[in-house]
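> My structure is below; once you've seen it, I'll send some questions.
The values are calculated or read from the model by the stated rules, or taken from the named source; none is laboratory data. Note that the coordinates shown come from a computational prediction; the quantities given were computed from them, not determined experimentally. Please note: Cβ atoms are built from the backbone with ideal geometry, for glycine as well, and neighbour counts cover all protein chains shown. Each accessible area value is taken on the protein alone, full model and side chains, heavy atoms only, with ligands, DNA and RNA left out. Shrake-Rupley method; radii C 1.70, N 1.55, O 1.52, S 1.80 Å.
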Amino acid sequence: MIEEDKLNDSIFNNVNGYKIDINQRKVILNRKENILVVAGAGSGKTLTILGKIKYLIERENINYQDILCISFTNESVNNLKNKLEYPVDVYTFHKLGLEILKDANIYYQIAPVDLLKYIVNEYFESLIEFKNYEVFCINYFQYLLKRKDLTLEKIKKEYKKEFLSYKKLIIKFLQLFQSNKNNLLDIKKYLKKNKYFFFKKKSLKNISFLIITLDIYNFYLEELYSTSSLDFDMMINLAHDIVIKKGIKKCYKYIIIDEFQDTSILRYELIKVIKEKCHSKLLVVGDDFQSIYEFSGCTLELFVNFKKYFYNSEIVYLNNVYRNSKELIKISYQFIKKNPYQLRKKLVSFKSISNPIKIVYYSKFNYKIVFLSLLEKLYKENKKDILVLGRCNNDIDYVYSERENNYLIYKDIKIKYLTVHKAKGLEADYVIVLNLCDDILGFPNKIEDDEIISSFFKKDDSYLYASERRLFYVALTRTRNEVYLLTNKRYMSCFVKEIKNKCEIINI
């Protein structure tokens, strides 16, 4: 039970210019060893983190050097640093890994982020012929294309789209392979465990894929070794091993992690060994509704089953939402809770806006006209703080081509455009979501993982479009006021169909 005088501490009246609410105060005062804070979209999770750090330093006399704060991106790290009153260590996981290596006097250069892509392209240009491995690539495409007269050159020239997808699949496999802390021994265990998968009708295709992929991985490792380089996952893995063997130079008493729903097994393992060496207390904050980076190796399992991974722990909730209206919360919550693999929440808002979600119809002939007319309409109504979101990078090409970095330029209108993935954490008074149509590259995106991906890497949630559903939830909840959904009336997104009876239809 938290004492009343502590809840009413004057420190809570001004954290970064805001007053801390009762739920946030309870989080800050909680002294459990491991705490998961489940924070709804717009519920003040950043403010809670700032308040926790302020309280630790000013009321519990914790030295600022004994606190480590971790966030997901460089942008979010800089955002926290700018708001903090004290020079606490605020790192991304990658920066944390580099600091551990540096303190251990181990120096590597970090490989370019596109090195794996470069190696894959080089492999199919020359290395595959050097190894005489063309037959394995051909075997894969013979099954895929149902043709027996294929050569590697014919595949490259006549099936460019399929060949590009094949290379992307190899890259995705290897990225997931590393982020899940796998190694070549794991492949052998996997093959032994999944004999049926490789000795059924599709075995030649799947075995051929693995042979090529592992051969590329060996070339990739050789390139890293020859240049004394590490990629990010390898660097975090090495940092993990250093902490086990040598400990960590800066032994933090408190570890605070933002966006915990986007944590991978590799990152979890690093935090776990730091905690064990330093006997640190842990506070993690996030929202399982906004877990949208599964494709890069992040796993919702760590969030949903937090108590399984961290003993002596407690789960607490930030229920008061300050960004969205209660009407939007009701619709978006009913939408997202259809995913079975999500924590249930009771989200509350004192903000009321009638019909916060607007549906705008277009046809394939007037998409651009409808979009630009909507922009002009909003500007005439003095609704100028607008964020335009697309499911894919090329969504914006359908509506307007003139761009300046991440901004659309039209007449005297300049508006920010991002994919939904890049917009997580952002907000605007008004949001427009593009291309909500029933198409393979629509929203939801219908490109399914190859069976070798889904077999090798267990998904947290097998529910149809579960990850896309979370992505759409992120899009809906970026707005402080209204969100406009542009959809093809004839080929309407199944997500729009699901909520349209609760939304306002407007004509442009």
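> If you scan the stretch 474-484, which residues turn out to be more than 13 Å from residue 321 (Cβ to Cβ) and of a type outside the set (D, E, K, R)?
If the condition is that a residue be more than 13 Å from residue 321 (Cβ to Cβ) and of a type outside the set (D, E, K, R), then 474, 475, 481, 483, 484 are the ones that fit.
> Starting from the stretch 296-314, keep only residues that are over 18 Å from residue 270 (Cβ atoms), then list their pairs with residues that are at pLDDT 90 or above and of a type in the set (Gly, Ala, Ser) whose Cβ atoms are within a distance under 7 Å, requiring at least 6 positions of separation or different chains.
As it stands, the answer is 300/291; 307/313, since those pairs meet every condition given.
> Is there any pair linking a residue in the stretch 114-131 that is without any contact (Cβ under 8 Å) to a residue 24 or more places away in the chain to one that is exposed (fewer than 14 other Cβ atoms within 10 Å of the Cβ) and not aliphatic (A, V, I, L, M), with Cβ under 9 Å and at least six apart or on different chains, and which?
From residues that are without any contact (Cβ under 8 Å) to a residue 24 or more places away in the chain, the pairs are 118/112.
> While we're on this one: Over 21 Å from residue 324 (Cβ atoms) and of a type outside the set (A, V, I, L, M, F, W, C): is that true of residue 355 in this structure?
Values: over 21 Å from residue 324 (Cβ atoms): no; of a type outside the set (A, V, I, L, M, F, W, C): yes.
So residue 355 fails the test.
> A follow-up question, please. Looking at the structure I just gave you, is residue 353 in contact with a Cys (Cβ under 6 Å, 6 or more places away or on another chain) and modelled with pLDDT of 95 or more? It would help to see each step written out before you state the result.
Working: in contact with a Cys (Cβ under 6 Å, 6 or more places away or on another chain): no; modelled with pLDDT of 95 or more: yes.
So residue 353 does not fit the description; no.
> Another question, if that's okay. So which of 196, 140 ends up being at pLDDT below 80, of a type outside the set (Lys, Arg) and farther than 30 Å from residue 269 by Cα?
Selected residue: 196, the only one of 196, 140 that is at pLDDT below 80, of a type outside the set (Lys, Arg) and farther than 30 Å from residue 269 by Cα.
Matching residues to (1) among the hydrophobic types (A, V, I, L, M, F, W, C); (2) at pLDDT below 90:
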{"position": "408", "(1), (2)": "yes, yes"}
{"position": "412", "(1), (2)": "no, yes"}
{"position": "431", "(1), (2)": "yes, no"}
{"position": "434", "(1), (2)": "yes, no"}
{"position": "437", "(1), (2)": "yes, no"}
{"position": "446", "(1), (2)": "no, yes"}
{"position": "449", "(1), (2)": "no, yes"}
{"position": "454", "(1), (2)": "no, yes"}
{"position": "473", "(1), (2)": "no, no"}
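> Now for a separate question. Can you confirm whether the stretch 260-277 contains a residue that is open to solvent by 10 Å² or more (accessible area, probe 1.4 Å), part of a helix (DSSP H, G or I) and farther than 30 Å from residue 62 by Cβ?
No; the residues of the stretch 260-277 include none that is open to solvent by 10 Å² or more (accessible area, probe 1.4 Å), part of a helix (DSSP H, G or I) and farther than 30 Å from residue 62 by Cβ.
> When residues of the stretch 10-39 are filtered for being more than 21 Å from residue 346 (Cβ to Cβ), open to solvent by less than 60 Å² (accessible area, probe 1.4 Å), out of contact with any strand residue (DSSP E or B) (no Cβ under 6 Å at 6 or more places or on another chain) and in contact (Cβ under 8 Å) with a residue 60 or more places away in the chain, how many remain?
0
> Now for a separate question. Give 76, 43 a once-over and let me know the one that is among the small types (Gly, Ala, Ser) and open to solvent by 20 Å² or more (accessible area, probe 1.4 Å). Don't jump to the end; show me each part of the working.
Working: 43 fails: open to solvent by 20 Å² or more (accessible area, probe 1.4 Å).
Every option except 76 fails the conditions.
> Further question on the same structure: Quick one: which residue in 339, 355 is over 20 Å from residue 425 (Cβ atoms) and open to solvent by less than 10 Å² (accessible area, probe 1.4 Å)? Talk me through it step by step, then tell me what you get.
Values: 355 fails: open to solvent by less than 10 Å² (accessible area, probe 1.4 Å).
One residue alone meets the criteria, 339.
> Can you pull out every residue in the stretch 57-113 that is of a type in the set (A, V, I, L, M) and in a loop (DSSP other than H, G, I, E, B)? Before the answer, list the steps.
Here is the first cut: in the stretch 57-113, the residues of a type in the set (A, V, I, L, M) are 57, 62, 67-68, 70, 77, 80, 84, 88, 90, 96, 98, 100-101, 104, 106, 110-111, 113.
Scanning the stretch 57-113 gives 62, 84, 88, 104, 106, 111, 113.
> Search the stretch 383-404 for residues that are touching a residue at least 24 places away in the same chain (Cβ under 8 Å) and among the β-branched types (Val, Ile, Thr) and pair each with any residue that is open to solvent by 90 Å² or more (accessible area, probe 1.4 Å) and assigned to a helix (DSSP H, G or I) when their beta-carbon atoms are under 8 Å apart and the residues are at least 6 apart or on different chains.
Listed pairs, sorted by first residue: 399/368.
> Working only within the stretch 478-506, note down all residues that are assigned to a strand (DSSP E or B) and open to solvent by less than 60 Å² (accessible area, probe 1.4 Å).
Narrowing the stretch 478-506 to residues assigned to a strand (DSSP E or B): 479-488, 492, 504-506.
Answer for the stretch 478-506, where residues must be assigned to a strand (DSSP E or B) and open to solvent by less than 60 Å² (accessible area, probe 1.4 Å): 479, 481, 482, 483, 484, 485, 486, 487, 488, 492, 506.
> Ok, one more. Among what's in the stretch 289-329 and is open to solvent by 30 Å² or more (accessible area, probe 1.4 Å) and in a loop (DSSP other than H, G, I, E, B), pick the residue that is farthest from residue 447 (Cα to Cα).
312
> Restricting to the stretch 79-103, name every residue that is in contact (Cβ under 8 Å) with a residue 24 or more places away in the chain, open to solvent by 50 Å² or more (accessible area, probe 1.4 Å) and closer than 21 Å to residue 16 by Cβ.
Matches in the stretch 79-103: 79, 83, 85, 86.
> Still on this structure, please answer the following. Out of curiosity, is residue 374 closer than 28 Å to residue 326 by Cβ, in a loop (DSSP other than H, G, I, E, B), aliphatic (A, V, I, L, M) and in contact (Cβ under 8 Å) with a residue 12 or more places away in the chain?
Numbers: closer than 28 Å to residue 326 by Cβ: yes; in a loop (DSSP other than H, G, I, E, B): no; aliphatic (A, V, I, L, M): yes; in contact (Cβ under 8 Å) with a residue 12 or more places away in the chain: yes.
Here the answer is no, as residue 374 does not meet what is asked.
> Check 205, 160 and return the single one that is at pLDDT 80 or above, open to solvent by 60 Å² or more (accessible area, probe 1.4 Å), within 24 Å of residue 130 (Cβ to Cβ) and of a type in the set (Lys, Arg).
Details: 205 fails: open to solvent by 60 Å² or more (accessible area, probe 1.4 Å).
160 is the lone residue from the list that is at pLDDT 80 or above, open to solvent by 60 Å² or more (accessible area, probe 1.4 Å), within 24 Å of residue 130 (Cβ to Cβ) and of a type in the set (Lys, Arg).
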